[in-house]
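Notes to accompany the following structure.
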Amino acid sequence: MQHRDDDLWHRIAAHEIGPPGAALTFAARLARENRWDAAHAARVIGEYKRFCYLAMTAGHAVTPSDAVDQAWHLHLTYSRDYWEVFCAQVLGAPLHHGPTAGGAVERERYYRQYAETLAAYEAVFGAPPPPDIWPSARRRFHVDPQGIRINGFDVIVLRRRVALALGLTVFVAGWLAGRIM
């Protein structure tokens, strides 16, 4: 990795989010709230730290992936850690979260910023970001916004192909049953 400010990177990488010794750690909470396994949540936290490094060093506005944004949102709820320790002591400056105001102009701005973030990531870290955490700009802003967060306790989720095949099977079975009777 080529970091412009190694001291900053080492402070970010070493920072443990949340109170030490908590029964429900930051990583465990992130995994639970997003239905990720522990290994994926840990990878997302690593990518969140890389995003924070880029936010402080890129020289332009950066936009997180959805997964990284989930880590950022959760970190913001640990407000004392976020503002008093992470921003004040680790980053040395505030890092504000600025959500979109909506509309086509904002969507284009964030699309462009996200594409620039992906390019900056590769330039700084020497490799493209992992696509399972950092999807393409097209996916991030045209496909993923169609998604919704759901509670798996209340619903059953099937992949589109499985649902279509199941629906077709039920239809054919019903049609055949009607012809037999």
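The values are calculated or read from the model by the stated rules, or taken from the named source; none is laboratory data. Bear in mind that the values here come from a model prediction, so they are computed numbers and not experimental data. Cβ coordinates were reconstructed from backbone atoms using ideal geometry, including for glycine residues, and neighbour counts include every protein chain displayed.
Test of understanding: among Val85, Val172, Val143, Val162, which residue is in a helix (DSSP H, G or I), touching a His at 6+ places or on another chain (Cβ under 8 Å) and surrounded by 10 or more Cβ atoms within 10 Å (Cβ to Cβ)?
On inspection, the qualifying residue turns out to be Val85.
Name the one entry in Ala55, Ala71 that is within 16 Å of His15 (Cβ to Cβ) and touching an Asp or Glu at 6+ places or on another chain (Cβ under 9 Å).
Ala71
Got a sec? Which of Leu54, Leu30 is of a type in the set (A, V, I, L, M), under 11 Å from the mean Cα position of the chain (by Cα) and under 29 Å from Thr100 (Cβ atoms)?
Leu30
Among the candidates Ala101, Ala127, Ala39, Ala115, single out the residue that is without any contact (Cβ under 8 Å) to a residue 12 or more places away in the chain and part of a helix (DSSP H, G or I).
Ala39
For the range 105-118, enumerate the residues that are surrounded by 14 or more Cβ atoms within 10 Å (Cβ to Cβ) and among the aliphatic types (A, V, I, L, M).
Residues satisfying the conditions are Ala115, Leu118.
Given the conditions (1) in contact with an Asp or Glu (Cβ under 9 Å, 6 or more places away or on another chain); (2) surrounded by fewer than 18 Cβ atoms within 10 Å (Cβ to Cβ); (3) within 23 Å of Glu84 (Cα to Cα), and given that Phe26 satisfies all but one, which numbered condition is not satisfied?
Going through (1) in contact with an Asp or Glu (Cβ under 9 Å, 6 or more places away or on another chain); (2) surrounded by fewer than 18 Cβ atoms within 10 Å (Cβ to Cβ); (3) within 23 Å of Glu84 (Cα to Cα) one by one, Phe26 breaks only (2).
Please work out if Ala61 is in contact with a helix residue (DSSP H, G or I) (Cβ under 9 Å, 6 or more places away or on another chain), under 22 Å from Ala42 (Cβ atoms) and not acidic (Asp, Glu).
Criteria not met by Ala61.
Of the residues Gly102, Gly178, Gly167, which single one is loosely packed, with under 10 Cβ neighbours inside 10 Å, over 27 Å from Leu8 (Cβ atoms), small (Gly, Ala, Ser) and not assigned by TED's automatic domain parsing to the domain that holds Ile45?
Gly178
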